[in-house]
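All remarks here apply to the structure that follows.
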Amino acid sequence: QVQLVESGGGLVQAGGSLRLSCLASGSIFKLNVMGWYRQAPGKERELVAIIGRVGSTNYADSVKGRFTISRDNAENTVYLQMNSLKPEDTAVYYCNLHIGVSGDNYWGQGTQVTVSS
């Protein structure tokens, strides 16, 4: 049906940058919202950033000014540019696809981001 595959995670020192990518495939409707969520050890999954079909965005307060979400609709991809990374950004980052016409949600397998002090 719908599959989301994340990539780009890794180990980086504080202050560094990473760019996450998510490729979506399957039965994807045009009216959708894509986003990034993260889950740190012992914590619940939280919203990082979302982007609508026409480019509207929303960010968690903790990442505003540091992270940028973008999408390439033609390629069914969503990106998360992460700059000025902090140790507290360490988490597994998950790509999400929300299809507005159905209300369905789909998740990727996650990619690990580790920021050292």
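The values are calculated or read from the model by the stated rules, or taken from the named source; none is laboratory data. Just so we're clear, the structure is a prediction, and the values are computed from it rather than from any experiment. For neighbour counting, all protein chains shown are included, and Cβ atoms are generated from backbone atoms with ideal geometry for every residue, glycine included. When the accessible area is computed, the model is the full protein with side chains, heavy atoms only, and any ligands, DNA or RNA have been set aside. Shrake-Rupley method; radii C 1.70, N 1.55, O 1.52, S 1.80 Å.
Six or more apart or on different chains, Cβ under 9 Å: which pairs go from a residue in region 77-105 that's within 20 Å of residue 57 (Cα to Cα) to one that's among the acidic types (Asp, Glu) and surrounded by 15 or more Cβ atoms within 10 Å (Cβ to Cβ)? Could you list them?
Every condition considered, the pairs that remain are 82/89; 93/6; 94/6; 95/6.
Go through region 23-44 and give me each residue that's modelled with pLDDT under 95 and of a type in the set (Phe, Trp, Tyr).
Hit for region 23-44 is 29, nothing else.
Could you please give the count of residues in region 63-100 that are touching a helix residue (DSSP H, G or I) at 6+ places or on another chain (Cβ under 8 Å) and loosely packed, with under 15 Cβ neighbours inside 10 Å?
Of the residues in region 63-100, 0 are touching a helix residue (DSSP H, G or I) at 6+ places or on another chain (Cβ under 8 Å) and loosely packed, with under 15 Cβ neighbours inside 10 Å.
Name the residues in region 45-92 that are of a type in the set (Ser, Thr, Tyr) and either assigned to a strand (DSSP E or B) or under 20 Å from residue 17 (Cα atoms) (or both), would you?
Residues satisfying the conditions are 57, 59, 62, 68, 70, 77, 79, 84, 90.
When you scan region 2-22, do you find a residue that is of a type in the set (Lys, Arg), open to solvent by 40 Å² or more (accessible area, probe 1.4 Å), at pLDDT 95 or above and part of a strand (DSSP E or B), even just one?
Yes: one or more hits.
Out of all the residues in region 45-58, which are modelled with pLDDT under 95 and among the basic types (Lys, Arg)?
If the condition is that a residue be modelled with pLDDT under 95 and among the basic types (Lys, Arg), then 53 is the only one that fits.
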